[in-house]
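Heads up: the structure comes next, in structure tokens.
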Amino acid sequence: MCLWGERVLAVGERQVSLLYVDEHEAEIAWSVPREQLAGVEHALWDAHDAQQATLRWHIRDGSWYDVKAQGGGWKLLVDGLPLR
């Protein structure tokens, strides 16, 4: 899922990772084992703009990450993961 610019969120069976991707390489911005994911919530979103939202990813240790998602696919992502 494309989030913002050259950032991609990769959600697999065992890992959730935010990647910075360019033409020649990718770098992990953050990554967490899926079992450590406590939930996802809408941190900021505009009900009139179905194309983007800021999602807050909660980790079981109490930390969290805000990720700005763009494109209509963000709603499918949130539907497939536990919401807080």
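The values are calculated or read from the model by the stated rules, or taken from the named source; none is laboratory data. All values derive from a computational prediction rather than experimental measurement. All Cβ positions, even for glycine, are placed from backbone atoms using ideal geometry, and neighbour counts span all protein chains on display. SASA here: full protein model, heavy atoms, side chains in, ligands and nucleic acids out. Shrake-Rupley method; radii C 1.70, N 1.55, O 1.52, S 1.80 Å.
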From Q15, Q52, grab the single residue that is open to solvent by 40 Å² or more (accessible area, probe 1.4 Å) and modelled with pLDDT under 85. Q52
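Would you say W4 is within 12 Å of the chain's Cα centre (by Cα) and at pLDDT below 70? Give the steps one after another, and end with the answer.
Details: within 12 Å of the chain's Cα centre (by Cα): yes; at pLDDT below 70: yes.
So W4 passes the test.
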Pairs returned, first residue in the stretch 59-70 that is under 14 Å from L18 (Cα atoms) and open to solvent by 40 Å² or more (accessible area, probe 1.4 Å), second residue that is at pLDDT below 95 and among the β-branched types (V, I, T), beta-carbon separation under 7 angstrom, 6 or more apart or interchain, are D66/T54; K68/T54
